[in-house]
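Worksheet: the structure to be examined is printed underneath.
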Amino acid sequence: MKEEVNNIKAEGSGKGNPRSGKHLDTEKVSDLKLQIAETVAENEKLKKKIAFLSSQTKRLDEQVFDLFTIAQASRVFTANPDIYRLTGILLSMIVEKLRTEKAAFMLYNDDFQGYEVIKVVGLDEKLVKNIKYKAREGLFWQMIASGEPFSVIDIEGNLRFEQIFSEHKLDLLESSYWIPLKTRESVIGIVTLDRSDFTASEINFLSLLASQAAAAFESAHLYSKLGASTKELDKQMHQLTILYDVGKALNFIDDLTKLLSVILDQSIEIAEAEKGSLMLLDTRADELAVRVVRGIDKVTEERIISGDIQCTRIHRGEGIAGKVLATGKGIIINNVEDNADFKKSKDSRVVNILCVPLKVYEEVIGVINITNKKSGRPFTNEDMTIIMALASQAAVAINNARLYEMAVTDGLTKLYIRRHLLQRMEEELRRARRYKHPLSLLMIDIDHFKQFNDNFGHQAGDLVLIELAKLFKRIIRGTDMAGRYGGEEFCIVLPETDSEGAIAIGERLRKEIEEYELVYDRQPIKVTISIGIATFPSHSMEMKELIRKADMALYASKDAGRNAVTLSKDVDPNAPVYLKPERPDDLKTKLEDKLEEQSLPEVILEQNQDLPRGRTSIG
């Protein structure tokens with residue numbers, strides 16, 4: 001431009017030009033002005049284009065960032081199948097991006113069929129944790145169901161749905177904007193925010209994020225249901241396995257008390273409970289009597305099982321168990337405090353109870369009581385179903401065991417009858433020969449038993465027999481066998497026990513019975529016993545001879561003044577020496593802990609020496 005102006009000046013100053021040095025060329029000046037104006041206009045257009053491109057670049061940058069954020073969010077959502085963690089991530093992203101102060105997330109609950117608050121930011125959790133909104137027809141629900149974000153505040157700042165908010169306490173969320181998380185089929189959750197003045201870009205961001213979050217929540221929900229289903233399937237498989245194992249085990253347990261213990265233990269395990277009891281029907285009294293318990297201290301459990309402690313009996317129709325006995329139907333009580341039928345006790349500490357009948361041929365023979373579901377959970381119908389299945393198997397096994405018990409035990413003392421005891425003894429002797437282990441035999445007789453019948457009557461004599469049988473069961477080991485040999489005479493077989501061990505057990509029995517306080521018709525009865533001992537193989541290799549020698553040792557105790565323990569001195573010089581197995585846990589008796597500090601009783605070798613009472617001899 002400067003060059004053109006200079007040219008004009010040069011032309012104007014040429015010689016011979018009449019306008020030289022005085023005037024510029026008017027046409028060229030006009031052209032120049034026009035060119036300058038056009039240039040300025042072009043510059044203005046260029047500025048506007050630059051401004052537009054700048055704004056577009058900024059918007060594009062924001063969109064790129066938003067899309068990048070959405071992509072990152074999608075990755076994070078996909079990597080976290082836990083619903084509650086997803087909720088925290090989602091709210092954190094929204095609060096950070098949109099600079100909101102208060103936000104909440106409401107998740108759809110299948111059981112409730114509505115939405116409940118599970119996560120908040122900037123709100124009092126205690127105040128809003130119980131807020132629930134149940135879906136129902138109406139404009140508000142239609143706006144939620146549409147899946148599009150919407151403001152719950154009108155242009156004047158007032159709530160649009162004041163009645164609904166007040167009814168469901170939604171006003172406590174202090175929200176202005178609601179963002180539904182909609183899947184293809186339903187709205188799985190709702191985000192609420194405390195402001196609604198969002199730009200179109202922010203609203204678009206919220207819509208995209210909500211879409212990604214909805215898909216993630218749906219996947220997490222399905223994953224959670226699948227996990228729960230898998231866990232439930234594993235639980236059912238475990239329960240069925242237990243049922244199968246119990247069914248097999250029940251067929252091989254002929255001892256009724258052991259059988260009842262196994263049934264109760266497995267019932268408690270399957271129901272995931274803390275304790276329980278098993279009661280059998282006493283048909284003569286038409287009452288339920290506790291046979292085994294679990295969940296209290298072991299000493300009390302054993303005393304209840306042995307009969308030392310008599311629990312309260314339940315009449316037909318009385319309390320929960322009595323109703324189950326009367327109706328033959330199981331009962332679940334998940335809050336015993338509100339149930340009038342439950343018989344409360346200050347020491348029972350029962351929260352909830354599951355009670356099922358034991359039925360054989362539609363006749364109730366007992367009940368299983370399972371109490372206190374672990375972790376404070378309630379008992380369910382599924383618990384009832386699986387325990388009823390176990391009870392059906394158990395009832396048949398119990399009935400068979402009771403019939404077997406009636407066939408092999410004495411009706412009065414509940415000890416083995418003589419025939420069965422000798423059969424078991426023969427089996428144990430074969431086992432002792434095979435494994436080269438000792439076995440001892442105790443022959444026991446009640447001193448002056450006829451005097452009890454003569455002085456107090458036969459009922460007193462029966463009481464003495466019953467109480468001594470209970471003591472025998474409590475003192476001897478689980479592997480030992482006690483039987484009523486005849487009248488007031490008893491026999492105890494001690495597998496894997498040598499003479500020294502048999503003397504210790506015999507002396508414990510004698511001392512316990514001597515110190516036992518027995519009362520009949522308010523009158524004290526003093527009872528003592530005499531014991532004879534013989535041991536396989538040192539005294540004999542044959543059962544009949546072993547019994548004979550133990551019996552002879554018993555008569556030696558009688559001849560020595562009674563209330564004594566005598567070991568047979570008729571030792572077979574050719575007998576092999578069998579050592580008791582080195583298994584101290586198997587050989588412990590229930591009273592060993594009490595007598596650990598006591599030495600073995602003194603052994604008197606002279607056969608014909610007068611034996612003071614309470615002494616042990618070799619006769």
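The values are calculated or read from the model by the stated rules, or taken from the named source; none is laboratory data. Since the structure is predicted, the reported quantities are computational estimates derived from the model, not experimental observations. Heads up, the Cβs are rebuilt from the backbone with ideal geometry, glycines too, and the neighbour counts pull from every protein chain shown. Side chains included, ligands, DNA and RNA excluded: accessible areas come from the protein's heavy atoms. Shrake-Rupley method; radii C 1.70, N 1.55, O 1.52, S 1.80 Å.
The figures follow:
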quantity	calculated
For ILE118, solvent-accessible area (1.4 Å; no DNA, RNA or ligand), Å²	40
Spacing of the two label points (7 Å from each Cα toward its C-beta) at VAL519 and LEU32, in nm	14.1
Net lengthening on full extension, GLU101/ASP82 (0.36 nm per residue, minus Cα-Cα)	4.4 nm
Stretch gain in nm, segment LYS248-ARG195, where the contour uses 0.36 nm per residue and the Cα spacing is subtracted	12.4 nm
Sites HIS238 and TYR555 - FRET efficiency at Förster radius 45 Å, r taken between beta-carbons, to 0.05	0.20
Amide hydrogen neighbours beyond the local backbone of LYS359, cut-off 5 Å, H modeled	ILE365, ALA395
Kirkwood-Stokes translational diffusion coefficient of segment 453-553, alpha-carbon pairs, 4 °C, 1.567 mPa s, µm²/s	88
In sequence order, calculated HN-Hα J values of segment 201-209 (Karplus, 6.51, -1.76, 1.60; Hz; x Gly/Pro)	5, 5, 5, 5, 4, 4, 5, 5, 5
Vicinal HN-Hα couplings computed from phi for segment 547-558 (Karplus, 6.51 cos²θ - 1.76 cosθ + 1.60; Hz; Gly/Pro x)	5, 4, 6, 5, 5, 5, 5, 4, 5, 5, 5, 5
Segment 190-196 - phi-based ³J(HN,Hα) in whole Hz, Karplus 6.51/-1.76/1.60, Gly and Pro as x	9, 9, 10, 10, 8, 9, 10
Sequence-distant residues sharing a close amide H with SER440 (under 5 Å, placed H)	LEU494, GLU496, THR497, PHE536
Sites GLU337 and SER55 - FRET efficiency at Förster radius 60 Å, r taken between beta-carbons, to 0.05	0.30
Range of Cα positions in segment 262-326 per principal axis (Å), largest first	29, 28, 17
Largest-first ellipsoid semi-axes for segment 348-393, taking √(5λ) over the Cα gyration tensor eigenvalues, angstrom	22, 12, 6
Theoretical gain in end-to-end length, GLU156 to LYS48 [0.36 nm per residue, Cα-Cα removed]	35.2 nm
In segment 274-312, the trypsin sites (Lys or Arg not before Pro) that fall in loop regions by DSSP, at most 12 other Cβ within 10 Å	ARG284
Percent breakdown of C-alpha pair distances by 10 Å bin, ordered from the shortest bin, for segment 325-402	18, 46, 29, 7
Calculated Rg and Dmax of segment 311-459 using C-alpha coordinates, Å	22.5, 62
